[in-house]
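To keep things clear, I will list the structure first and then write my remarks on it.
Just so you know, all these numbers are worked out from the coordinates, no wet-lab data involved. The structure displayed is predicted, hence computed values, not measured ones. Counting neighbours? That spans all protein chains shown, and the Cβs are built from the backbone with ideal geometry, glycine included.
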Amino acid sequence: MCGPWVFLTIGIPMPADTANQEKSCQMTTPEYPPAAHFINGDWAEAASGETSASIYPATEEAHCQIAAGTAEDVDRAAQAAHAAFQNPKWRQMPPAKRARILWRMAELIDENRENLARCESMDTGKTWFDSSKIEIPLVAEIFRYFAGWVTKIDGGVVPLPGNSIGMTLREPVGVCGMITPWNFPMLMATWKVAPALACGNTIVLKPSEQTSLTALWMAKLGAEAGLPPGVFNVVTGGGRAVGTPMVQHPLISKISFTGSTEVGRMIQRESANTLKRVTLELGGKSPNIVFADADFKAATRGATTGIFYNKGEVCAAGSRVLVQREIYDDFLEALQKIAAKTTVGGPFDEGVRMGPVCNADQYESVLAAIENGKAEGARLIAGGNSLRDSVGGGKGYFIEPTIFADVDPKSKLAQEEIFGPVLAVTPFETPEEALQIAHDTRYGLAAGVWSKDVGKALGFAKQLRAGTVWVNTYNLYDPGLPFGGFNESGFGRDLGKDALAAYTETKSVWVNLD
Ligand code: NAD
């Protein structure tokens, strides 16, 4: 059985007995939020009166409707958030009280775990195990972690010349706009919402239009926990319809974005007009580097969960595995065996390790990347096909866990983020060569190093240009450990103490005592 640490981490290597086997995983329809935004403490219909469908990836059918937001809705939410930021009820709330609200949010999330997990699996196609045992419990842990910080956000005293004292105060940034992706909808939103609230900001959150349900519930639970109206608003809808007006809105002081590098670039450009603070958590093509002296079994597991966990829809997925030549052939054989045993199926089906990819665009683009890999001449050693017919009976975005060997580090397969269950394996001879290949992309989000010689592994980790380096493990996350990218994987950090810096401004006060 899995130990308690499973509740604190995501992406853990799953032994066979933990694969989607909780007996209560029969699919039942979740309780859906209304097809509305959440603005100023209540549900609010879209100004346009329009809604759009959320699709269940296992059947390709609409399973619910969400409000189709526009600039008018963004303006309503920004005005509400601005008013709430000025309101002494929030502005002057004692930190201990704010901490209790965040803690209560964690409790409410735990109490609603099953429904939130159902919403998440219906929206994303991820397995019931991943939603109910990993993602939602981790969301609650993050709220608890940041509840702990609320009473500890302090400033400093600085020596000044003469009879003066200098002080630094940490103050909230103001209205924070948050734009989040569809791969871990509630978790990615929480990485931003929890520290922003802890620091006393107010929020306008736009979840991905494909996976909005848990963000709406999170705002509702926040209101139940005691957040004053307007502190936490959610506007649902498309990137251009809702995201762009958020980035342009003069009352929004900061944009915190998680998503693709391309959209991140646009957001940074657009934000310049109103000089918003910007945090960007973007894509990756992370190398998982296996030395010949690694624990072989652990490394094969780390290499496969690094790419097949959550169907490869993980920003930090170890999508490139670099293996030292001495063990290359044996390693490929082991990877092949694990891929063959990775059961693909509906998110609520027992024994399933990998659900369907999240949406139609993703399904098409992952299959296109596989075709490109074949055309580039990489050696396909596992998968490579759609399972829509064999697993889904003609419906559902099911794709085989896929592995290419002998991948040219310069090829598209090794350079471009696929964001799906497709692994590129490349051999290397020396640590110098491994480092050179590892750095040979535009990204720098994460990396893994496998060696029983911890000194060697740490020395190598030190040289890697990546925001996170896992040594002899992969894809583990903790609320206290900051996460973010180097290079074109973005800048700024979510999680940990560093996240507080992202949601505060420093004010300097000079006090003349004469
Ligand atoms: P995406 O960039 O397409 O969309 C992300 C969000 O941006 C969505 O809410 C979308 O509606 C919105 N958006 C789209 N166009 C916009 C525009 N013009 N203006 C404002 N908002 C806009 O990304 P995605 O497909 O939802 O997610 C996958 C990407 O996210 C991958 O590249 C993945 O690596 C990245 N990601 C990064 C992290 C991280 O922490 N670094 C975590 C998860 C996902």
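Report, as a whole number in µm² per second, the diffusion coefficient that Stokes-Einstein gives for the range 238-322 at 25 °C and 0.890 mPa s using the Kirkwood radius over alpha carbon pairs.
162 µm²/s
Given Cα pairs under 8 Å that are at least 6 residues apart, what percent is the relative contact order of the range 412-501?
24 percent
Could you state the principal axis extents of the C-alpha atoms in the chain, from the largest down, to the nearest angstrom?
75, 59, 44
Please give the per residue volume of the convex hull enclosing the alpha carbon atoms of the range 154-272, rounded to a whole number of Å³.
Spread over its residues, the Cα hull of the range 154-272 gives 142 Å³ apiece.
Rounded to two decimal places and with Rh computed the Kirkwood way over Cα pairs, what is Rg over Rh for the range 76-235?
Reported Rg/Rh, Kirkwood definition of Rh: 1.05.
Between their Cα atoms, which of 89/220; 126/497; 89/276; 285/462; 285/311; 206/507 are more than 21 Å away from each other?
126/497; 89/276; 206/507
On each of the three principal axes of the Cα atoms of the range 370-461, give max minus min coordinate, whole Å, ordered largest first.
51, 26, 23
Kindly provide the helix-only [θ] at 222 nm of the chain, computed as the sum of -39,500 (n - 2.57) over DSSP H runs of four or more divided by all residues, to the nearest 500 deg cm²/dmol?
-10500 deg cm²/dmol
For the range 352-412, what is Rg from Cα atoms divided by 2.2 N^0.38 Å, rounded to two decimals?
1.17
Hey, got the Cα dimensions of the range 339-387 along the principal axes, in Å, largest first?
37, 25, 11 Å, listed from the longest principal axis down.
To the nearest µm²/s, what D does Stokes-Einstein give for the range 262-405 at 10 °C and 1.306 mPa s, using the Kirkwood radius over alpha carbon pairs as Rh?
Result for D is 94 µm²/s.
So for the range 365-514, averaging the separation of alpha carbon pairs under 8 Å that are six or more residues apart and normalising by length, what relative contact order in percent results?
Answer for the range 365-514 is 14 percent.
Could the peptides 327-336, 84-93, 394-403 be put in order, highest first, of the mean number of other beta-carbon atoms found within 10 Å of their residues?
394-403, 327-336, 84-93
What is the packing order of peptides 163-171, 426-434, 196-204, 339-347, taking the mean over residues of other C-beta atoms within 10 Å and listing the highest first?
In descending order of packing, they fall as 196-204, 339-347, 426-434, 163-171.
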